[in-house]
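Each remark here refers to the structure printed beneath this line.
The values are calculated or read from the model by the stated rules, or taken from the named source; none is laboratory data. Note that the coordinates shown come from a computational prediction; the quantities given were computed from them, not determined experimentally. When we count neighbours, we look across all protein chains shown, and the Cβ atoms used for this are built from the backbone with ideal geometry, even at glycine.
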Amino acid sequence: MKVFVAVSALLVAQAQANAHGNGPAPKSNGVDGKPNVHNSGVCSNAYSSEIRDYIVEAHNHARATLVPTGEAANMRRLEWSEELAISASDWVEHCQFEHYTEDYAYGQNLMYGGNSLDKATIDGWMKAWVEDEICDADRNGAGMMQLNHASAVLWADTFLVGCASKMCPNGYLTACNYFNPGNWQGQKAYQPGKPCSQCPSQAPYCDASGKLCTASPNGKPGYGPSPAP
């Protein structure tokens, strides 16, 4: 507990820079699209399999339990993308606390601070990105479009996540990249309603939690297709 408090107190969150404007979001027409990701091909800031799996688990727990309306009808289960993780690794390599905005190929959340990478640290990311932001929005009357971190995590059409962390002068710099990117103006982050009642054709099944749409008929989480380089 003391470690969690010390780490979370040092975390600094930057608003996600993918309020994409008025253009239409990518359409997959029943087939999952792939972002145009360019990267080095080498993840030099990779996690252990335990931490990687917990990052996915923590994101999916947030998607299943933390939507502001209580339940989402079309929320997809996230899977890990190694290509997005490599892009995140490339991004944090230079220890610059700023967002990738070149072509909005994917959404991104950043976190800077802390001197350890464990489950408590990841819980701290989710608290800052989702729980705290939603609480602040409730107090200020903001909608989902103003919740840049939370909308990146809670955008229903997002189905891939890849993250990386690098120890920098002021602690770990972490980037989590998301596809499909969210926060498109004029579109809802998710459809309120009974969980899994409006699953998309790409993910027509309900996962083991009974809350998230998945492509797997047995409801077990897996590792998703990598975006094309």
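Please go through the range 202-213 and pick out each residue that is over 13 Å from PHE159 (Cα atoms) and among the polar types (S, T, N, Q).
Answer for the range 202-213, where residues must be over 13 Å from PHE159 (Cα atoms) and among the polar types (S, T, N, Q): just SER209.
Scan the range 118-146 for residues that are modelled with pLDDT of 70 or more and not charged (D, E, K, R) and jot them down. Spell out how you get there, then give the answer.
First, the residues of the range 118-146 that are modelled with pLDDT of 70 or more: 118-135.
Scanning the range 118-146 gives ALA120, THR121, ILE122, GLY124, TRP125, MET126, ALA128, TRP129, VAL130, ILE134, CYS135.
Being in contact with a Cys (Cβ under 7 Å, 6 or more places away or on another chain) and either closer than 11 Å to GLY162 by Cα or in contact (Cβ under 8 Å) with a residue 12 or more places away in the chain (or both) narrows it down to one residue among ALA88, ALA64; which is it?
Details: ALA64 fails: in contact with a Cys (Cβ under 7 Å, 6 or more places away or on another chain).
The unique qualifying residue is ALA88.
From (1) assigned to a loop (DSSP other than H, G, I, E, B); (2) out of contact with any Ser or Thr (no Cβ under 6 Å at 6 or more places or on another chain), pick out the condition that doesn't hold for ALA203.
Failed condition: (2).
Find the residue count for the range 170-228, including only residues that are farther than 14 Å from LEU160 by Cβ, modelled with pLDDT of 90 or more, of a type in the set (S, T, N, Q) and under 16 Å from the mean Cα position of the chain (by Cα).
Residues flagged as farther than 14 Å from LEU160 by Cβ, modelled with pLDDT of 90 or more, of a type in the set (S, T, N, Q) and under 16 Å from the mean Cα position of the chain (by Cα) within the range 170-228 amount to 1.
Looking at the range 99-117, is at least one residue over 26 Å from GLY210 (Cβ atoms), among the acidic types (Asp, Glu) and surrounded by fewer than 16 Cβ atoms within 10 Å (Cβ to Cβ)?
Looking through the range 99-117, at least one residue is over 26 Å from GLY210 (Cβ atoms), among the acidic types (Asp, Glu) and surrounded by fewer than 16 Cβ atoms within 10 Å (Cβ to Cβ).
For the range 192-206, how many residues are among the polar types (S, T, N, Q) and either surrounded by 15 or more Cβ atoms within 10 Å (Cβ to Cβ) or in contact with an Asp or Glu (Cβ under 6 Å, 6 or more places away or on another chain) (or both)?
First pass over the range 192-206, keeping only residues among the polar types (S, T, N, Q): 197-198, 201-202.
Now restrict to residues that are either surrounded by 15 or more Cβ atoms within 10 Å (Cβ to Cβ) or in contact with an Asp or Glu (Cβ under 6 Å, 6 or more places away or on another chain) (or both): 198, 202.
Of the residues in that region, 2 qualify.
Please find, among ARG76, ARG52, the residue that is in contact (Cβ under 8 Å) with a residue 12 or more places away in the chain and in contact with a Cys (Cβ under 7 Å, 6 or more places away or on another chain). Talk me through it step by step, then tell me what you get.
Details: ARG52 fails: in contact with a Cys (Cβ under 7 Å, 6 or more places away or on another chain).
That would be ARG76, the only listed residue that is in contact (Cβ under 8 Å) with a residue 12 or more places away in the chain and in contact with a Cys (Cβ under 7 Å, 6 or more places away or on another chain).
Of the residues VAL92, VAL56, VAL42, VAL67, only one is modelled with pLDDT under 90 and crowded, with 19+ Cβ neighbours inside 10 Å; which?
On the way: VAL92 fails: modelled with pLDDT under 90; VAL56 fails: modelled with pLDDT under 90; VAL42 fails: crowded, with 19+ Cβ neighbours inside 10 Å.
Being modelled with pLDDT under 90 and crowded, with 19+ Cβ neighbours inside 10 Å holds for just one of VAL92, VAL56, VAL42, VAL67, which is VAL67.
Just give me the residues in the range 160-183 being buried (at least 24 other Cβ atoms within 10 Å of the Cβ) and aromatic (Phe, Trp, Tyr), in sequence order.
Within the range 160-183, TYR178, PHE179 qualify.
Just to be sure I understand, how many residues within the range 53-99 are over 17 Å from GLU133 (Cβ atoms) and of a type in the set (Ser, Thr, Tyr)?
Qualifying residue count for the region: 4.
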